[in-house]
1. Would you list A:Met116, B:Met147 from the most to the least accessible area, probe 1.4 Å?
2. For a Förster distance of 35 Å, can you work out the FRET efficiency between the beta-carbons of B:Ile111 and B:Arg82, rounded to the nearest 0.05?
3. Could you state how much accessible area is buried at the A-B interface, both sides summed, with a 1.4 Å probe, in Å² to the nearest 100?
4. Given axes a ≥ b ≥ c from the Cα gyration tensor, I'd like to know whether region A:1-63 is rounded (a/c under 1.5), prolate (a/b larger than b/c) or oblate.
5. Quick one: check the C-alpha center-to-center distance for region A:17-41 versus region B:79-116, whole angstrom.
6. For peptide A:13-20, what's the mean number of Cβ atoms from other chains within 10 Å of each residue's Cβ?
7. Can you grab the distance from the C-alpha centre of region B:55-72 to the C-alpha centre of region A:90-104, Å, no decimals?
8. Counting other C-beta atoms within 10 Å, and keeping those with at most 12, which DSSP coil trypsin sites (Lys or Arg not before Pro) do you find in region A:44-119?
Amino acid sequence: MENKRVNSIIEALAKHEDVQSVNVLERVGTNCENDDVRRLTAKALIKKNNQDSLAVVISSKGKGINDLSTSVAMSTINELLQLKDKEEAISVLENTENNHEDDEVRETARSVKALMSFS
Amino acid sequence: MEKLSINNISKNFFRTTTVKKVDKNHTNPFGVSFKGNVLTADVFETKNNNVNLIERAKNKSRMLSSAVVGSITNLSSAISTRLNSVVSFGNRIRQNATDFWTKAQQTEIHIDMAKLSNKITSKMPSFTGTYKVSNLVKRPVSELEEMLKAELATI
């Protein structure tokens, strides 16, 4: 990302303790038309590593691992695989696989979960 | 028919034939070689001819002057050749200078001051630490949201 200010703000939101920071990242970052911003936002949400932030990148259609941009989706999956503590992520993936209404989202969650179990 | 006798045989009968070399003397009456054009003149005049000294001196001076003139002609042609090359070089330089000047006149130098000032101002907060992550984390989320929206609007 060329804009260092955007980088810094997203990174600050990732580190912010206020739970509202997840909402801001979802509302502003994941809906941005710029691929780089969406990728950075997904990375920030995974960095938070809690149920709410992971649900955005795993269970939301068109966001995170379900993004229409292949580079953003692959980057998000890669970030999930690099997590040291995968417990929360696997839990969210299982919930999505079992309970999500969209078949495509469920299938993607199943694939990523399989990948995470092998990593 | 001539009778052949021993006495008549020459002493040189058994000698190999010798060819007497006759050196052709191409004499230059002045002992000087000229590269220039020499005017034709009768230089092999016999001494028997009663030519007075004045006439001979005239011939001599005429040949000398012709040689000098020939040398000068060659020299001037060489000089003119060099001068021509110098002149053509000068003309080429002048042409290049003219082309450069024409190009320079047609070139428009444009500095986007708005963009430049925007870049300068964008660098300024990094000096003050406004956009340092450690400082941003201390700000309220609502403020960060507004800042992020403002930045994304410029992309």
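1. Numbers: A:Met116 5, B:Met147 30 Å².
Largest to smallest exposure gives the sequence B:Met147, A:Met116.
2. 0.15
3. 1700
4. oblate
5. Going from one Cα centre to the other spans 57 Å.
6. Details: counts 8, 2, 4, 7, 2, 5, 1, 5.
Mean number of neighbouring Cβ atoms from other chains: 4.
7. 120
8. Values: sites: A:Lys47, A:Lys48, A:Lys61, A:Lys63, A:Lys84, A:Lys86, A:Arg106, A:Arg110, A:Lys113; in loops: A:Lys61, A:Lys63, A:Lys84, A:Lys86.
For trypsin sites (Lys or Arg not before Pro) across region A:44-119 that sit outside H, G, I, E and B with at most 12 neighbouring Cβ atoms in 10 Å, the list reads A:Lys84.
The values are calculated or read from the model by the stated rules, or taken from the named source; none is laboratory data. These numbers come from a predicted model, not from an experiment. Using ideal geometry, Cβ is built from the backbone for each residue, glycine included, and neighbour counts are taken over all protein chains shown. Accessible surface areas use protein heavy atoms only, side chains included; no ligands, DNA or RNA. Shrake-Rupley method; radii C 1.70, N 1.55, O 1.52, S 1.80 Å.
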